[in-house]
Amino acid sequence: MSSGLPPGQSDQTRLIHAGAEARPLSRTVGPPVQRGSTVLLPDAASLYDEDHCVTYGRAGLAAQDALKDALAAMEGAVGVSLYPSGLSAISGALLAVLKAGDELLVVDSIYKPVRRFCDEVLGRFGVTVSYYDPLVEPERLVGEASGAARLILMESPGSLTFEMQDVPHIAALARERGILTAIDNTWAAGLLFRPLEHGVDLSLQALTKYVGGHSDVFMGSAASRDPALVRKVDDGVHHLGWSVSGDDAYLMLRGLRTLPTRLAAQGQAGVQLAAWLKDQPEVGEVLHPALSSAPGHELWARDYKGACGLFGFTLRPAPQAAVEAFLDALEVFGLGFSWGGFESLAIWCDPQLKSRRFRRDLGGPLIRLHIGLEASDDLVADLRRGLDAYAKLAG
Ligand SMILES: *Cc1c(COP(=O)(O)O)cnc(C)c1O
């Protein structure tokens, strides 16, 4: 229906349709942001022509499509699905490929809310979940997998403890046995490590972190090179009814434009601070795969193009009050979960490690730092302030 409304209609009707006609858009550097649940179809034949028409806004409109295309280019993917959070990208991908009777192998250093999903939800649907030591030999991991093993879910470096896995090797061995592989690649932001180029079937990430980059929007993605898997995972999004808004997709795309620049600056500052921390008397071990002395460094150097700004370090053993004094003395670092934004953050990790099956003795309390875009000198001074407060109580 054109908006040349027949004369004689009431104001009530005219105001519903006034100004609503489609018109050519001027071209801007970003996509148009369309807010729409209803999509108006051009004619009756198009109403059920889902092969050629978007018939409902939940599947995403211009901004979501632009973001998917950009992420596919970054990941070297055939297709990308979007989810309302990083956690839903992982739970959604798992639900799309697993069925009752399957076994899922999950790295023990997985992001903790994923573990909760696996334990509390997948079990109820008849999927067996087994956790494996992030440091296990790939041959052993894949060789000892049961006949029911359907998928291996990796995260490298691991959440909080930063263990590196030989992802390409695991992916190659799993493929020989017909086991699918997926990785939570949030640390590398889809850019520093490209899982699909290394034989992984599904590259998952919390766009909430580095791609968004400004700590103000949630989203997740699943990328694949296999058209059948792309279809299956995307069907899973539709089955569960997930959708992301055009405004959020626009913000993600805006973040993506500066991702390489931010990652380079934050990664470099992170390595610098990690090296500085290594020399401080209050510090035990620094867990940063880009440090040549760190465990897993060779794998990182072989497969990764750089580091992001997230790493961990241990303090020498001390009462909890000293750990809290360290954190409370920080003025530039905020205390907060999440990471990937422009701001520096610190947390104490030990309570989160309790659910792990393979617990290593780290030799002292574990702190995780996210390095933002502040000047490194100010961050060093802040950490020194924290370590001084710690030393006073550490005895
Ligand atoms: C934050 C995070 C997620 C979850 O992302 P949300 O958008 O917060 O749901 C998943 N994996 C890792 C490694 C994360 O750090």
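The values are calculated or read from the model by the stated rules, or taken from the named source; none is laboratory data. Note that the structure is a prediction, hence the values are computed from the model and not measured. Methodologically, a virtual Cβ is constructed for each residue, glycine included, from the backbone with ideal geometry; neighbour enumeration extends over all protein chains shown.
Things to note:
- Among the residues of region 342-361, those identified as in contact (Cβ under 8 Å) with a residue 12 or more places away in the chain and surrounded by fewer than 19 Cβ atoms within 10 Å (Cβ to Cβ) are PHE342, GLU343, TRP348, CYS349, ASP350, GLN352, LEU353, SER355, ARG357, PHE358, ARG360.
- Single residue of region 258-272 satisfying the filter (in a helix (DSSP H, G or I) and among the polar types (S, T, N, Q)) that is surrounded by the fewest Cβ atoms within 10 Å (Cβ to Cβ): THR261
- Single match in SER109, SER88, SER130 (criterion: within 12 Å of the ligand (Cβ to nearest atom), hydroxyl-bearing (Ser, Thr, Tyr), at pLDDT 95 or above and over 30 Å from ARG257 (Cα atoms)): SER109
- Residue count for region 123-143, restricted to those that are small (Gly, Ala, Ser) and in a loop (DSSP other than H, G, I, E, B): 1
- Qualifying residue in region 184-204 (condition: farther than 20 Å from TYR304 by Cα and hydrophobic (A, V, I, L, M, F, W, C)): no
- Reported count of residues in region 300-327, each being closer than 19 Å to GLN352 by Cβ and surrounded by fewer than 14 Cβ atoms within 10 Å (Cβ to Cβ), is 2.
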